[in-house]
Structures are given as structure tokens and as C-alpha cells.
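Asker: Input: one structure, supplied below.
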Amino acid sequence: MSFINTPPQISIPIKGKSATFLVHQIYCVGRNYRKHMVEMGYKDTKQVPFVLFLKPSDAVVLNNQEVFIPKFTENFQHEVELVIAIGKEGENISEKHALDFVYGYSVGIDLTCRDLQTDAKKKGRPWTLAKSLQYSAPISDITPVEKCGYLHEGKIQLSVNDNIRQKSNLKHMIRPVQKIISDISQFYTLYPGDIIFTGTPAGVGKLEKGDCIYAEIDGLEPITITIN
């Protein structure tokens, strides 16, 4: 069989390996830290809906690269997140077996056009134009679970120009990794190459041209990107 097109293959380096991780889907979970929900104006942080959206594979930005602020936003913001890399196929996965599907973890940054998102919320529209953009998902090199273990707690932090803006602990996630994997697999078949952003803690903020972002999670490779 031959093809008339050759779409780009997007991949992420893997710590300690020459092979790379070819990206399939990028799933993103929202509202997964209560303090962030408060700063976003949500009053009820006890009944938390399962919020899920997707990004295109070409949203991936690798370590030490530049990201340009989209011309159509006036409030481009950072959100540091734990990222799960899926290593095998599965659907209707139980929480008990969900960690078996984890290949490794990365540090991710969900770059968001907050003004567009706020407007979409008011009008009851999808977040696509605010979230699902090219170059909106910087991701550090993947650390396989055999090197870092399964992550349940640990510092998650983001700094802009050496000033800490976001700092929390993974244990504060409302939905832990196994719950997220199980929930998504009830709607989608997960495949090797899928990437899952798991939500951000409080402290999100506006980015300006020239800003340098450094994001880290205990036990994982950090990521640095520059905003232009």
C-alpha cells in the first residue's frame, strides 16, 4: 500500500535510550487540583466533574525550544502538569490495573490562551481555540517507570525568570494517575504513544515575550522553554 501524504511524525526523547516515543493522542485533564479550581473561580470544589480535552500531536514542544505567543491572545498563560506516557493498548481499564499501562512520565506545560478560554466558558463553547493549539504542549524527556517508579507524590514546580509561580505536590491531585487512566479508557481505547496531561496546581499566570520557563517534578527530567 502506498500513501499520497506523509504527515509529520512527532516524537519525544526517552531518558537513557536512543529510541524515541512516537506520539499518538494527547489527552488533557482539567480541574484536578482544588486550589487551582478556586483561583479559576469555581466555588464547589467537592463535586468535581471529569473534564477532558485534546491537543494535536504537533502541540508538542521539546526541551530548550522557543514558543511564540499567538497573535490572537492577550493573556497567554502557563500550567505545569505531570504527564503520563502510555505504553500498551487498553480499554475499560480498572483502577487496579491502570498503572500497568504506564510507560513513563514527563513534565508538561499546558500553554493556554486564558482570554479565549474565559470567553468560551461564558458562551458555553468548547475550549479548542484556547487550548488545542500547535506548540501549546512543551514536554520534557520521558523518564521510564523502571527509572522513576510509579509517581504518587513529589514536588511539582514552575518558575518564570527564576521566580517560583507554581509549587505543589502530586499527592494533591483530585484524580490520581490510576483514576485518570481508568476514566479516559471508558471513552477511548488507549494506545502506546498516547500522552496524558493530568491537570495543574494553583499559581497559573500570564507570560510575556522574553520569559524563560523552568518546570520540574521530583524524579523526572525538567524542561526549559523560552517565550517569544
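Values quoted throughout were computed directly from the atomic coordinates according to the rules given, and no laboratory measurement underlies them. A quick note: this is a predicted structure, and the numbers were derived from the prediction, not measured. Positions of Cβ are backbone-derived with ideal geometry, glycine not excepted, and every protein chain shown enters the neighbour counts.
Asker: List every residue pair whose Cβ atoms sit under 8 Å apart, with the two residues 6 or more apart in sequence or on different chains, where the first one lies in the range 34-47 and is under 20 Å from Pro176 (Cα atoms) and the second, anywhere, is in a helix (DSSP H, G or I).
Answerer: Sorted first by the residue in the range 34-47, then by its partner, the pairs are Arg34/His172; Lys35/His172; Thr45/Arg34; Thr45/Met37; Thr45/Val38.
Asker: Would you check if His36 is over 17 Å from the mean Cα position of the chain (by Cα) and either closer than 18 Å to Thr189 by Cβ or buried (at least 20 other Cβ atoms within 10 Å of the Cβ) (or both)?
Answerer: When the stated conditions are applied, His36 does not pass them.
Asker: Can you tell me which residue in the range 71-102 is surrounded by the fewest Cβ atoms within 10 Å (Cβ to Cβ), limited to those that are in contact with a Phe, Trp or Tyr (Cβ under 7 Å, 6 or more places away or on another chain) and closer than 17 Å to Tyr135 by Cβ?
Answerer: Among them, the one singled out is Val83.
Asker: Take the conditions in contact (Cβ under 8 Å) with a residue 60 or more places away in the chain, surrounded by fewer than 13 Cβ atoms within 10 Å (Cβ to Cβ) and farther than 27 Å from Lys46 by Cβ and apply them to Glu146. Does it pass?
Answerer: Here the answer is no, as Glu146 does not meet what is asked.
Asker: Identify the residue in the range 152-169 that is in contact with a Gly (Cβ under 7 Å, 6 or more places away or on another chain) and among the polar types (S, T, N, Q) and, among all such residues, is nearest to Leu207 (Cα to Cα).
Answerer: Only one residue fits best here, namely Gln166.
Asker: Would you be able to say whether some residue in the range 20-30 is free of Cβ contacts under 8 Å to residues at least 40 places away in the same chain and over 16 Å from Gly193 (Cβ atoms)?
Answerer: No, the conditions are met nowhere in the range 20-30.
Asker: Suppose we filter the range 98-129 for residues that are in contact (Cβ under 8 Å) with a residue 40 or more places away in the chain and in contact with a Lys or Arg (Cβ under 9 Å, 6 or more places away or on another chain); how many remain?
Answerer: The total comes to 11.
Asker: Also, I was wondering about something else. Six or more apart or on different chains, Cβ under 7 Å: which pairs go from a residue in the range 49-70 that's touching a residue at least 12 places away in the same chain (Cβ under 8 Å) and of a type in the set (Lys, Arg) to one that's buried (at least 17 other Cβ atoms within 10 Å of the Cβ) and in a loop (DSSP other than H, G, I, E, B)? Could you list them?
Answerer: What qualifies is Lys55/Ser132; Lys55/Ser136.
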